[in-house]
Every structure is written in C-alpha cells, then in structure tokens.
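Here's the structure we're looking at; comments come further down.
The values are calculated or read from the model by the stated rules, or taken from the named source; none is laboratory data. Model, not experiment: these values are computed from the prediction. Cβ placement follows ideal geometry from the backbone for every residue including glycine, while neighbour counts extend to all protein chains displayed. Areas reflect the complete protein model, heavy atoms only, side chains present, ligands, DNA and RNA absent. Shrake-Rupley method; radii C 1.70, N 1.55, O 1.52, S 1.80 Å.
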Amino acid sequence: MDRHIPMHALPEAIQKMSPEETVCKYCGVSYLILHEFKAMEEKLKAVQEEMKFYQGSVEREKKLQEKLQSLSQEFEQYKSDSESKKARSEYVSCLLFSFKANSRFGWHGGTCLKFQ
C-alpha cells in the first residue's frame, strides 16, 4: 500500500480542533483520517516496542525462579551444615573444658551428655 505523505502540515488551528469538530455529522468519518491513521501508527510502534521488551520474559522468569529455588536449597544446606558444625564445636569445647577441669584432680569420666 503506497502512503501519501503530505508536503505541508495541517494548519495549527486545524490540528488543535477537537475530534468532534473534524467528524462528518452525517457519516461519522473524520475529515482528518490521515491524522488519525498516523496516530494509530505511532500507537502501533509503541506497542511493538513494548512487545519486544516483554518477549522472552516468561522464559526469563522461569529461569530466575529455578535459580532462586536452587539458591534457596543451597542456603538451607549451608544453614544445616553451620548448625551441625556449631553443635560439634560446642561439644568439643565442653569436652575440653571438662578435661581441663578434671585434669587437675584426675579424670573422673565426665562427659558432655547435652551434645551427644
């Protein structure tokens, strides 16, 4: 479809007219259909640009959700490992303290039952 591009812009007074003033009272078709067509083309371009932005967003979202799930599982594992190491450290500290306390008076078989 060949488009006719006017050589001169519409006068400013006509451009500022409300749509009601430019519509045929009999059939309802605008006298300035080209102007409306151009406005629709601009809207179409804007929507196409927006679509480019959103293209692939579902796939990106899915990948991000998978990564979040993986990181969450790793965090829980590290948290569990940390708690386990802390418990072992407290147990060793208790044994060491018991050993030091009892070594002065001889070992009496004291244990750290709390951590076993």
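Please list, ordered by chain and number, the residues whose modelled amide H lies under 5 Å from the amide H of Ser30; skip anything fewer than 5 residues away on the same chain.
Cys24
By accessible area of protein heavy atoms, probe 1.4 Å, what ranking do Val23, Val58, Val47 get, highest first? Please list the in-between numbers first.
Working: Val23 40, Val58 120, Val47 75 Å².
Largest accessible area first, the list is Val58, Val47, Val23.
At a Cα cut-off below 15 Å, give the aspartates and glutamates reachable from Lys85, other chains included and same-chain residues fewer than 8 away excluded.
Here the aspartates and glutamates satisfying the reach criterion relative to Lys85 are Glu76.
Mind checking the full-extension length gain between His8 and Lys86? Use 0.36 nm per residue of separation minus the Cα-Cα distance, one decimal, nm.
Numbers: separation 78, 0.36 × 78 = 28.08 nm, distance 8.09 nm.
Length gained between His8 and Lys86: 20.0 nm.
Report the gain in length on full extension from Ser98 to Glu20: 0.36 nm times residue separation, minus Cα-Cα distance, nm rounded to one decimal. Don't jump to the answer; show the numbers that get you there.
Numbers: separation 78, 0.36 × 78 = 28.08 nm, distance 9.48 nm.
Between Ser98 and Glu20, full extension yields an extra 18.6 nm.
If you bin the C-alpha pair distances of the stretch 12-107 every 5 Å from 0, what whole percents do you get?
That works out to 2, 9, 8, 8, 6, 6, 6, 5, 5, 5, 5, 4, 4, 4, 4, 3, 3, 3, 3, 2, 2, 1, 0, in percent per bin.
With the crude spin-label approximation of a point 7 Å out along Cα→Cβ, what separation in nm comes out for Glu74 versus Ala39?
5.3
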